[in-house]
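Before any comments, here is the structure.
Only the coordinates and a few stated rules stand behind these numbers; no lab work does. Since we're looking at a predicted model, the values are computed, not measured. Cβ placement follows ideal geometry from the backbone for every residue including glycine, while neighbour counts extend to all protein chains displayed.
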Amino acid sequence: QVYCPALRERAMQAALRCGQRLEQGVYVAVAGPSLETPAETRMLRILGADAVGMSTVPEAIVARHMGMRVLGISCLTNKNLPDCMAATSHEEILDQAGRSAAALGALLRALIPNLGG
């Protein structure tokens with residue numbers, strides 16, 4: 001298990017204090033830098049992916065091998081459903097990331113003071 005259960009629980013508690021809802025699931029990392037095709041999306045869903053991204057996993061693996069406790073938090077910026085494959089532009093993804101920034105900041109402000117120990 002790469003991600004620390006205790007840190008995950010602290011993140012969930014911080015989200016509750018902020019009035020936010022966090023989801024837990026299977027994150028699959030892909031090389032990128034391109035968006036998934038409908039066929040790739042279907043394949044990743046069959047393999048159990050709940051979310052797909054181009055970051056997080058390599059860094060998490062290295063950190064864990066170094067003995068660090070690891071917590072992964074992702075802001076999903078592109079709804080990629082196999083039955084709804086409307087084209088998404090890079091600008092739309094950046095716009096969604098901007099809208100997610102305030103919520104992520106609030107979550108981190110609630111979480112970071114409680115990471116010790």
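Here are the numbers:
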| quantity | calculated |
| --- | --- |
| Relative contact order %, the stretch 25-102, counting alpha carbon pairs below 8 Å whose residues are six or more apart | 30 percent |
| Debye log10 I(q)/I(0) at q = 0.12, 0.15, 0.16, 0.20 Å⁻¹ for the stretch 25-102, Cα point scatterers | -0.39, -0.60, -0.68, -0.99 |
| Amide H contacts of Val28 (H built 1.01 Å from N, under 5 Å, at least 5 apart or other chain) | Asp50, Ala51, Val52, Gly53 |
| Between 0 and 90°, nearest 10: helix 5-18 axis offset from the chain longest Cα axis | 90 degrees |
| Calculated from backbone phi, Karplus (6.51, -1.76, 1.60) coupling profile of the stretch 98-103 in Hz, x at Gly/Pro | x, 5, 7, 4, 5, 5 |
| Coil-residue GluC sites (Glu not before Pro) of the stretch 5-63, DSSP, other Cβ within 10 Å capped at 14 | Glu23 |
| Rounded if a/c under 1.5, otherwise prolate or oblate - the stretch 1-53, Cα gyration tensor axes | prolate |
